1. Can you tell me how many residues in the stretch 35-65 are of a type in the set (A, V, I, L, M, F, W, C), in contact with a helix residue (DSSP H, G or I) (Cβ under 8 Å, 6 or more places away or on another chain) and modelled with pLDDT of 75 or more?
2. Considering 32, 26, which residue is touching a helix residue (DSSP H, G or I) at 6+ places or on another chain (Cβ under 9 Å) and of a type in the set (A, V, I, L, M, F, W, C)?
3. Taking residue 68, is it out of contact with any helix residue (DSSP H, G or I) (no Cβ under 6 Å at 6 or more places or on another chain), exposed (fewer than 13 other Cβ atoms within 10 Å of the Cβ) and modelled with pLDDT under 95?
4. Out of all the residues in the stretch 20-38, which are surrounded by 11 or more Cβ atoms within 10 Å (Cβ to Cβ) and not acidic (Asp, Glu)?
Amino acid sequence: MVQNRIFETAVQKLETLVRKLENGDLTLEESLKAFEEGISLTRACEKLLQEAKGKVEQLVKKEGGKWEKTSFEEAE
């Protein structure tokens, strides 16, 4: 749950930064700072997504009606 909130907060910050950059109201220095922050947030989001992917398990029904857990990578 905590990671979900962290991810959502980072995405919201990214959206805010993008809007500011698209508006064109920032100085060059402010734009560069916003861009750097955006890159940092993007990397943090990618890390959280990779961690989540590693934890995902899917239930796969086998022959005979038995269920087994499989890692996300194995299910693909």
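1. Number satisfying all stated conditions: 7.
2. Answer to the check: 26.
3. yes
4. 20, 21, 26, 31, 32, 33, 34, 35, 38
The values are calculated or read from the model by the stated rules, or taken from the named source; none is laboratory data. Remember, it's a predicted structure, so these values are computed and weren't measured experimentally. Glycine also receives a Cβ, built like all others from the backbone with ideal geometry; neighbour counts cover every protein chain displayed.
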